[in-house]
Amino acid sequence: MKLTIAVLLLTGVAGKTAFLRNPGGKARSLAIAGCPGETDFSVTFNGKCTYQNLKNKVYSTKSSSCTVSADALMFDLLGVSSVAAAETKVKDLCRTAFENTDETFAFSDITKKGAQFDNEYFSGGTYFNYEIQTDDGENELKKDAARIGRVYNDQAQTKVIDLPYYLNSFDPDQDECDINAAFCCWVQDRQAGDNNGNCNTPYESQCIDKDPGDNTNFCYTDHSRSSPSSHVNGGMSIFGDVKNNKENIEGAVHCHGFAWAQDDTDTSAVYKGNNLFYVSLYDHMYQRGYVRNAPGAPMCGCSENMAVVTRADCTEISAAETFTFDWSAGTAAFSGVLSKVRDLNFNACQGANNRNNDLEAYYQRLVNEGKQTEENLATLRETLVGTAAGKCNQAIVDFLATKGISRSTSASMSMESSAMTGVEVIDPDYVYEQASAMKESMPEVPGMKEAKDNLPAQEVVAEALPIQDDEIVSITDEDDETAISEEGEPCEIDENCSTNNCLENQICGPSTGKDGDEPKDDEPKDDKPKDDSDKGKGSWKEIAFDDFEAGAGIWSSAVGKRLTGLSMEGGTYSLRMRRAQNLRSDWIDVQGKSQVKIKFHYYGTGVEAGEGFFLNARFQNEEFAALEEWMVGTDFVNGQWKESEVTLATSGKNMLQFQFQSNGNEGNDRVYIDNVSIEGM
């Protein structure tokens, strides 16, 4: 009787659909009775994990009595009502399918020599990089690194390899690559007979300090970008002659990298660890014999930690995969897994505008396809500055300006007439290379002083250039008269600023009112009341608001973590933390405010018990201190936007910085931050 009534409803009322509730509690449409879903089933398909492929495979299993469309069937199984919602649901299923796969191989198992060895290798050290084969056959690379060849044949083409963020030489901040790009640069060739580089036989006379194939110009290295690799906290190495308008003076360097999409189910993102293995260990070290790092830079690393160069070659991956999805009638849900990686191919990148085998052009293609952002591309171009004449030297000039070394405004701004203060930097790796070139076999590393004394003056890294009158304004030693900068101009210490306030980003900030500050003529003296318009009125006034739709706002350090996909209603972008990443604001001027309030929305996915995130804050010249924490299960649940706010007293201090800090330990531990409002009273 119930079935008869249902049929009458379906046939008698136009546009209406009757539903029965199945034993598992899921609404089932009588219009698709006899279709897949009433009992458990499983499907397996080859190809990418997409809604289209899953839909086609499920629909192919239906019987002739199932007469609905493929989309209608999938809508019912997924519990959605549109193609867009179905694609989003399957995207989440695919993400889980990759996370659940057993088809993995740990990066740490590639060399099986431990984290210290791997760390030093990516810094440019270990016998993989230093040794040169002898004429009697000792130190042969193909034998010493034979395991690399076996991993390529047995695992790298059929398993998912993780990217080694745990190596602080590759990722010094341990917060993953900011803009999803990485590359390597090599300065030496140690293997003959492979048609790459100019190492030749006999080894002991024809393969000492030989060059790789040159494919880039080296501009400069900021040692602070990669301290764990360079083993120094600061300094610089300059590889251009700005005064004489000369570039490409550093000798042969070869750079090669890769990049990946923001969508972590994209092939480029899933197999990024495979790509690092192929580019760094197999294709260039094992196959070509390319080794050693440039002075002050890691050999391989996230792009934001590498030296500034003009360009890099590029490799992308194509994958042949098999997925299995199981349907449970009891829970009315799919579960999926990457069941097999049938094959991976490593190919030269196809870049935008037919510029192939070029990392920057490939990244432009990712942007064109909606897989990366223009903002991240602009950040990459600060490291890969372009091959046009003058680009490298201009990058050097711009970098030195951030260190307080710049031309005066009266000087000619043309590259032909420009000059630069010399910064003499002696790098241990450079000294080692120079010494090795003078001997028949690789020597022990000489002492720094002895090596410097033995080097020709013109070969000292970044040899000081003569300063022309009125062409240079530079910060001098402490014993000399110090150039005074105004607010917004470069500085190194507080005393460089007329405001006596050099911010962390080495830009003069507003006056802090510290002892010793002399107020300017247009500022009130200490014995006069300040015009604090907010004071005593008890009203909150906005200092900053960011919904991240137009950019990262005052959270400029998070430029690579501004992502699409999750946002508050009406928006597209938010900031994301993965694993133990942090999001740090710029310095905020809170002068005249007695209290500051920060309000924000947050959303967690994959966060497990005991994990969550913290809000930290600090005033100038202080360390970060925790203000509050939010833990999953106690303060929030995954999959829901929540709002929170925190208020703190300024205690008369003037410059404030906030930091969100996640404490996850896996790649699927994610916290999204949106609609951040900062107010003062």
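The values are calculated or read from the model by the stated rules, or taken from the named source; none is laboratory data. Just so you know, these numbers come straight off a predicted model, no measurement behind them. Methodologically, a virtual Cβ is constructed for each residue, glycine included, from the backbone with ideal geometry; neighbour enumeration extends over all protein chains shown. SASA here: full protein model, heavy atoms, side chains in, ligands and nucleic acids out. Shrake-Rupley method; radii C 1.70, N 1.55, O 1.52, S 1.80 Å.
Of the residues that make up segment 65-78, is at least one under 31 Å from the mean Cα position of the chain (by Cα) and open to solvent by 60 Å² or more (accessible area, probe 1.4 Å)? No - not one qualifying residue is present in segment 65-78. Of all residues in segment 35-63, those that are touching a residue at least 40 places away in the same chain (Cβ under 8 Å) and farther than 18 Å from Arg95 by Cβ have Cβ atoms under 9 Å from Cβ atoms of residues that are open to solvent by 70 Å² or more (accessible area, probe 1.4 Å) and assigned to a helix (DSSP H, G or I), 6 or more apart or on another chain, in Val43/Lys57; Val43/Ser60; Thr44/Lys57.
Going by the structure shown, is Tyr130 open to solvent by 30 Å² or more (accessible area, probe 1.4 Å), among the aromatic types (Phe, Trp, Tyr), over 24 Å from Leu366 (Cα atoms) and modelled with pLDDT of 95 or more? Taking the combined requirement at face value, the residue does not satisfy it. Can you tell me which residue is most open to solvent (accessible area, probe 1.4 Å) among those in segment 580-609 that are among the charged types (D, E, K, R) and modelled with pLDDT of 95 or more? Within segment 580-609, the match that is most open to solvent (accessible area, probe 1.4 Å) is Lys599.
Here is a check on your reading of the model: is Thr634 part of a strand (DSSP E or B) and open to solvent by 20 Å² or more (accessible area, probe 1.4 Å)? In short, no. Restricting attention to segment 639-681, the residues being more than 20 Å from Phe548 (Cβ to Cβ), at pLDDT 90 or above, open to solvent by less than 60 Å² (accessible area, probe 1.4 Å) and polar (S, T, N, Q) number 2.
Could you list all residues from segment 358-370 that are surrounded by fewer than 19 Cβ atoms within 10 Å (Cβ to Cβ) and part of a loop (DSSP other than H, G, I, E, B)? The answer is Glu369, Gly370. Within segment 372-408, the set of residues being under 13 Å from Ala181 (Cα atoms) and either assigned to a helix (DSSP H, G or I) or open to solvent by 50 Å² or more (accessible area, probe 1.4 Å) (or both) comprises Asn376, Leu377, Ala378, Thr379, Leu380, Arg381, Glu382. Scanning segment 316-345 for residues that are closer than 27 Å to Ala181 by Cβ and open to solvent by 40 Å² or more (accessible area, probe 1.4 Å) yields a count of 3.
Go through segment 73-103 and count every residue that is among the small types (Gly, Ala, Ser), more than 21 Å from Thr331 (Cβ to Cβ) and in contact with a helix residue (DSSP H, G or I) (Cβ under 9 Å, 6 or more places away or on another chain).
Adding up the residues that qualify gives 1.
Of the residues contained in segment 97-120, one or more are found to be open to solvent by 50 Å² or more (accessible area, probe 1.4 Å) and β-branched (Val, Ile, Thr). Please go through segment 610-631 and pick out each residue that is among the charged types (D, E, K, R), in a loop (DSSP other than H, G, I, E, B) and open to solvent by 60 Å² or more (accessible area, probe 1.4 Å). Listed by number, the residues that qualify are Glu622, Glu623.
When the strands (runs of 3 or more DSSP E) confined to segment 2-78 are screened for residues that are modelled with pLDDT of 95 or more, those reaching at least 1 such residues are found at 41-46. In segment 133-177, of all residues being acidic (Asp, Glu) and within 22 Å of Val232 (Cβ to Cβ), the one that is surrounded by the most Cβ atoms within 10 Å (Cβ to Cβ) corresponds to Asp171. Just the residues that are open to solvent by less than 70 Å² (accessible area, probe 1.4 Å) and either within 30 Å of Pro295 (Cα to Cα) or of a type outside the set (Gly, Ala, Ser) (or both), please, taken from segment 79-96. If the condition is that a residue be open to solvent by less than 70 Å² (accessible area, probe 1.4 Å) and either within 30 Å of Pro295 (Cα to Cα) or of a type outside the set (Gly, Ala, Ser) (or both), then Val80, Val83, Val90, Leu93, Cys94, Arg95, Thr96 are the ones that fit. In segment 178-192, of all residues being open to solvent by 10 Å² or more (accessible area, probe 1.4 Å) and touching a Ser or Thr at 6+ places or on another chain (Cβ under 8 Å), the one that is nearest to Tyr271 (Cα to Cα) corresponds to Asp178.
Of the residues making up segment 241-257, those that are surrounded by 20 or more Cβ atoms within 10 Å (Cβ to Cβ) and modelled with pLDDT under 90 are Val242, Lys243, Glu247, Glu250.
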